[in-house]
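One structure below.
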Amino acid sequence: MDNCLFCKIIAGDIPSKKIYEDDDLLAFHDISPQAPVHFLVIPKKHFANVMETKPEDSALLGKLLHKAQELLAEQGCAEKGGRFVINCKSDGMQTVEHVHLHVLGGRTLGWPPG
Ligand code: 5GP
Ligand code: ZN
């Protein structure tokens, strides 16, 4: 998708610190980490937000979630876990309009969100 920051990261036009990549997914460190572990897992297929995904995308989204938990474990957070977050549109404070799962760990995270 033209003018999408994360599509440009997928294309390699903007550099990122990659953690994992396959034909469907890319995982990379967040540029502004909010926890000792904070990375993003994105589908290579462009969706502006999670509400644009469809039932036929279920396999892709399931694969994304399971890769995310595998990577969180690899980052040393298997025992204590962490948080999986998808912000959506304005009330969710989404700032990049390409679906991304935030994966955070390495410290106790507050709840509820502010
Ligand atoms: P959102 O607010 O849309 O849920 O999250 C967007 C996330 O993307 C933010 O946590 C932000 O720090 C991250 N981000 C924005 N621009 C870049 C970038 O160029 N590279 C990387 N690695 N992360 C970015
Ligand atoms: Zn995109």
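The values are calculated or read from the model by the stated rules, or taken from the named source; none is laboratory data. Just so you know, these numbers come straight off a predicted model, no measurement behind them. Neighbour counts are summed over all protein chains in view; Cβ atoms, including those assigned to glycine, are modelled from backbone coordinates with ideal geometry. Keep in mind that these areas ignore ligands, DNA and RNA; they rest on the heavy atoms of the full protein, side chains included. Shrake-Rupley method; radii C 1.70, N 1.55, O 1.52, S 1.80 Å.
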Got at least one residue in the stretch 10-19 being among the aliphatic types (A, V, I, L, M), more than 12 Å from ligand 1 (Cβ to nearest atom) and touching a strand residue (DSSP E or B) at 6+ places or on another chain (Cβ under 9 Å)?
no
Of those in the stretch 9-51 that are surrounded by 16 or more Cβ atoms within 10 Å (Cβ to Cβ) and among the charged types (D, E, K, R), the residue farthest from Leu101 (Cα to Cα) is Lys44
If Lys63 meets every condition in (1) surrounded by 17 or more Cβ atoms within 10 Å (Cβ to Cβ); (2) under 16 Å from Ile86 (Cβ atoms); (3) not small (Gly, Ala, Ser) apart from one, which number is that one?
(1)
Would it be correct to say that Ile86 is within 12 Å of the chain's Cα centre (by Cα) and open to solvent by less than 60 Å² (accessible area, probe 1.4 Å)?
no
Quick one: which of Glu70, Glu56, Glu97, Glu79 is open to solvent by 50 Å² or more (accessible area, probe 1.4 Å) and touching a residue at least 24 places away in the same chain (Cβ under 8 Å)?
Glu97
